[in-house]
1. Out of 73, 55, 17, any idea which swings most in a Gaussian network model of the chain, alpha carbons joined below 10 Å?
2. Taking the Cα atoms only, what angle lies between the long axis of helix 14-25 and the longest principal axis of the chain, rounded to 10 degrees?
3. Work out how much length residue 28 to residue 82 would gain on full extension: take 0.36 nm times their residue separation and subtract the Cα-Cα distance, in nm to one decimal.
4. Largest first and in whole Å, what are the equivalent-ellipsoid semi-axes of the chain based on the Cα gyration tensor, each being the root of 5 times an eigenvalue?
5. Over the chain, with a Gaussian network built from C-alpha contacts below 10 Å, which listed residue (64, 97, 25) shows the highest mean-square fluctuation?
6. Can you give the calculated 222 nm mean residue ellipticity of the chain, where each DSSP H run of n ≥ 4 adds -39,500 (n - 2.57) and the sum is split over every residue, rounded to the nearest 500 deg cm²/dmol?
7. Using the count of nearby Cβ atoms within 10 Å as a rough guide to exposure, how do 35, 107 rank from fewest to most?
8. Taking the Cα centroid of the range 1-34 and of the range 44-113, what is the distance between the two, rounded to the nearest whole Å?
Ligand SMILES: Cc1cc2nc3c(=O)[nH]c(=O)nc-3n(C[C@H](O)[C@H](O)[C@H](O)COP(=O)(O)OP(=O)(O)OC[C@H]3O[C@@H](n4cnc5c(N)ncnc54)[C@H](O)[C@@H]3O)c2cc1C
């Protein structure tokens, strides 16, 4: 059933976009105000152009929004980092003890979804 209450969200970044989806799922009418142009239509500005590293908290949010599967298809697992030593050697440092990973995701694609 449609909830008569309206919600206004300022900023369609990662938090605002997710919040909008969650409110809408609960039947609220959502209005988002974003100062940048609609990134689904416009070419992306450089902005925070590096990929986002996403962990369990991010996946939990996307799961609630029903977007987990879509984003899994574009996420790249990162199992650890390579530390370059002064003596020229490299040391691999795992992020988890049981082959866990954090996931690299394009901010633009995440926002557009
Ligand atoms: C360089 C960098 C790297 C990061 N890397 C990671 C990472 O790897 N993993 C991670 O979990 N977090 C990372 N973070 C943190 C993460 O980016 C933030 O936690 C997240 O973007 C916050 O989301 P947000 O929606 O609150 O803000 P934002 O994503 O910044 O979105 C805010 C939105 O509000 C809009 N806006 C602002 N003012 C107005 C206004 N007056 N009117 C209308 N619209 C407005 C902006 O245009 C923007 O779209 C990183 C941050 C930076 C700066």
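1. 73
2. Relative to the chain, helix 14-25 is tipped by roughly 40 degrees.
3. 14.9 nm
4. 34, 18, 10
5. 97
6. About -8000 deg cm²/dmol.
7. 35, 107
8. Computed from Cα coordinates, the inter-centre distance equals 26 Å.
Computed from the coordinates by the stated procedures, all read-outs in this text should not be read as laboratory data. Small disclaimer: the values here were computed from a predicted structure and weren't measured. Using ideal geometry, Cβ is built from the backbone for each residue, glycine included, and neighbour counts are taken over all protein chains shown.
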